[in-house]
Amino acid sequence: MTLIETDPHTDAQAALQSKARDHLWMHFSRQSTMTDGPGVPIIVKGEGHHIFDAAGKRYIDGLAGLFVVNAGHGRRRIAQAAARQAEELAFFPLWSYAHPAAIQLAERLAHLAPGDLNHVFFSTGGGEAVETAFKLAKQYWKTQGKPSKHKVISRAIAYHGTTQGALAITGLPVMKHMFEPVTPGGFRVPNTNYYRAAESGFGGGTPEEFGLWAADRIEQMIQFEGPETVAAVFLEPVQNAGGCFPAPAGYFQRVREICDKYDVLLVSDEVICAFGRLGHYFGASAYDYQPDMITFAKAVTSGYSPLGGTIVSDRVYEPFAHGDATFPHGYTFGGHPVSAAVAMENLDVFEEEGLLENVRTNSPVFRSTLERLLDLPIVGDVRGDGYFFGIELVKDKATKETFDDDESERLLRGFLSKALFDAGLYCRADDRGDPVIQLAPPLTLGPAEFDEIEQILRGVLTEAWTRL
C-alpha cells in the first residue's frame with residue numbers, strides 16, 4: 001500500500017481559510033470572497049517594507065498596511081518597548097487619573113505640532129479622533145455663548161470615519177445610505193481634484209486659481225448656511241478618498257482667512273497625513289497653515305499598537321481649563337500606556353534614522369518614477385505628495401472618460417487588485433470616486449523600490465488595458 005503524503009504547511013493554510021470562512025467578518029470587504037470564493041490572502045509576517053503571506057510569498061507593502069506602518073515592519077525595538085511597558089503597567093485609564101507614558105507622549109506631540117496646539121486628547125483610532133473633534137467643536141461654541149454653531153463643512157468624497165458622528169463629515173454617500181439618518185449637520189464643498197476641476201464647476205485656470213476658487217466655495221457654504229450655525233471645517237492636507245488630492249498653493253491660507261473671518265474652527269484631519277507621510281510630522285506644517293485642531297492616529301505608532309488623538313489649541317482648551325467645566329467624552333483604551341510607549345519609541349526611530357528627511361529627499365524621485373506610467377493609454381493622471389500618490393485610470397486620456405460601474409467591477413475587483421497582488425505588490429485599487437491606484441509605502445523606501453513598483457504597475461496596467 002502506498003502512503004499519500006500531505007503537506008503540513010498546505011493543511012495549515014486550509015485550516016486557517018476554513019476558520020476565516022466560518023467566523024471572521026472582514027472590514028469594508030465582500031464576505032463572498034471567503035464564503036463563495038477561494039478564500040482571502042492571509043498575511044503572516046512583515047519585514048522592512050515587505051509582507052509575507054501564509055504560503056511564504058513576499059510582497060512589497062505599497063500601502064504601509066493601511067497608511068500606517070511608516071517606520072516599516074519587524075522593528076524589534078518597538079515591540080520590546082511595548083513589552084517593557086506591559087510588564088510595568090499594562091493598563092490604566094485617563095479617566096481622572098494619568099500615567100507617565102501618556103504624559104510624556106502628550107508633551108512630545110505638543111512640541112511637534114504647529115503653533116499653540118498644546119493639548120492632546122487621546123483615543124484609539126482615527127474615527128474616534130474625528131468624533132472627538134466634532135463633539136469638542138460643538139461644546140466649545142456652547143461655552144462661548146454661541147450654541148447654534150453646530151454644523152460642519154467638509155469636502156466631496158472625503159473620508160473622515162464611519163462612526164455615526166464622523167459619517168456626518170465623511171463625503172461619500174455610498175457609505176451613508178445604509179445607516180441613514182446619520183448625525184445631522186454635515187455639508188459638502190468641492191475638493192481639490194484639479195484633474196477633474198471642470199466637473200466641480202471651475203471655469204478654468206491655473207492650479208492656484210483653482211485652489212482659491214475651491215476655498216471660496218467654503219466661504220459660500222458658510223454664508224449660505226449662516227456663520228452663526230457653522231462650528232468647524234474639516235480638511236485633510238492631502239485628501240485620501242478619490243485618490244490623493246493635494247491642495248494648490250494658497251488654498252489652506254485662504255481657508256484659514258475664511259475661518260477667521262466667520263469665527264469657524266479649522267480641523268486638520270491628519271489620520272493619514274501625519275508622522276512623515278508628507279515629509280513632516282504634520283501635514284499642516286508641510287503646507288504652512290495653522291489649524292485649531294489636528295486629528296491623528298495610524299502612523300503615530302507605525303501600527304505596532306492602536307492609538308489616536310486630537311491635538312487642541314490653547315484657545316479651544318481654555319474654557320475647560322478652569323472651574324467645573326468637563327468634556328464628557330472619552331474612551332476606555334484612549335492613551336493606553338502600551339500604545340503611548342510604542343509611540344515614543346516609534347518617534348525615536350523617526351528621528352534617529354531621518355525618515356522625514358528621506359521622504360523629502362526622495363519624494364520627487366518617487367513622483368517622476370510613477371510619471372513614467374503616463375505613456376500608458378490607461379493612465380490619466382499621477383498626483384500626490386510626499387510618499388502618498390494616486391494613479392487615476394481612464395478609458396480615454398483625451399476626454400478623461402472614466403469607467404462605468406460594470407467596467408469598474410471587471411477592472412478593479414475582477415482583475416486589477418488581484419493581479420497587482422499576484423505580481424508582488426500590495427496596494428489599493430480604489431473606486432470611491434474614479435478608479436485610482438493608491439500608493440503610500442513605508443518611509444524607508446528609496447529609488448530602487450520605486451523602480452520595482454513601477455515595473456509591476458506597468459506590466460499589470462498594460463494587461464488591464466487589453467481586457468477592456
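The values are calculated or read from the model by the stated rules, or taken from the named source; none is laboratory data. Note that the structure is a prediction, hence the values are computed from the model and not measured. So basically every Cβ, Gly included, is an ideal-geometry build from the backbone, and we count neighbours across all protein chains shown. Note: accessible area is taken over every heavy atom of the protein model, side chains too, but ligands, DNA and RNA are not part of it. Shrake-Rupley method; radii C 1.70, N 1.55, O 1.52, S 1.80 Å.
Key figures for this structure:
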{"read-out": "Residue within segment 289-296 that is buried (at least 24 other Cβ atoms within 10 Å of the Cβ) and part of a helix (DSSP H, G or I) present", "value": "no"}
{"read-out": "First in segment 278-290 and touching a residue at least 12 places away in the same chain (Cβ under 8 Å) and within 16 Å of residue 255 (Cα to Cα), second anywhere and open to solvent by 10 Å² or more (accessible area, probe 1.4 Å) and of a type in the set (D, E, K, R), Cβ under 6 Å, 6 or more apart", "value": "289/256"}
{"read-out": "Meets criteria (open to solvent by less than 50 Å² (accessible area, probe 1.4 Å), free of Cβ contacts under 8 Å to residues at least 40 places away in the same chain and part of a loop (DSSP other than H, G, I, E, B)) for residue 37", "value": "yes"}
{"read-out": "Segment 428-437: number of residues that are in contact (Cβ under 8 Å) with a residue 60 or more places away in the chain and surrounded by fewer than 23 Cβ atoms within 10 Å (Cβ to Cβ)", "value": "4"}
{"read-out": "Residues located in segment 369-425, provided they are without any contact (Cβ under 8 Å) to a residue 24 or more places away in the chain, of a type outside the set (A, V, I, L, M), open to solvent by 60 Å² or more (accessible area, probe 1.4 Å) and closer than 25 Å to residue 451 by Cβ", "value": "371, 375, 397, 418, 422"}
{"read-out": "Qualifying positions in segment 297-331 - of a type in the set (D, E, K, R), in contact (Cβ under 8 Å) with a residue 24 or more places away in the chain and either more than 19 Å from residue 122 (Cβ to Cβ) or surrounded by fewer than 24 Cβ atoms within 10 Å (Cβ to Cβ) (or both)", "value": "314, 315"}
{"read-out": "Unique residue being modelled with pLDDT of 95 or more and either open to solvent by 30 Å² or more (accessible area, probe 1.4 Å) or out of contact with any Ser or Thr (no Cβ under 9 Å at 6 or more places or on another chain) (or both) when the list is 199, 219, 180, 236", "value": "219"}
{"read-out": "Residue, farthest from residue 211 (Cα to Cα), within segment 119-170, restricted to residues that are buried (at least 21 other Cβ atoms within 10 Å of the Cβ) and among the basic types (Lys, Arg)", "value": "149"}
{"read-out": "Tally of residues being surrounded by fewer than 24 Cβ atoms within 10 Å (Cβ to Cβ), touching a helix residue (DSSP H, G or I) at 6+ places or on another chain (Cβ under 9 Å) and in a helix (DSSP H, G or I) across segment 260-285", "value": "3"}
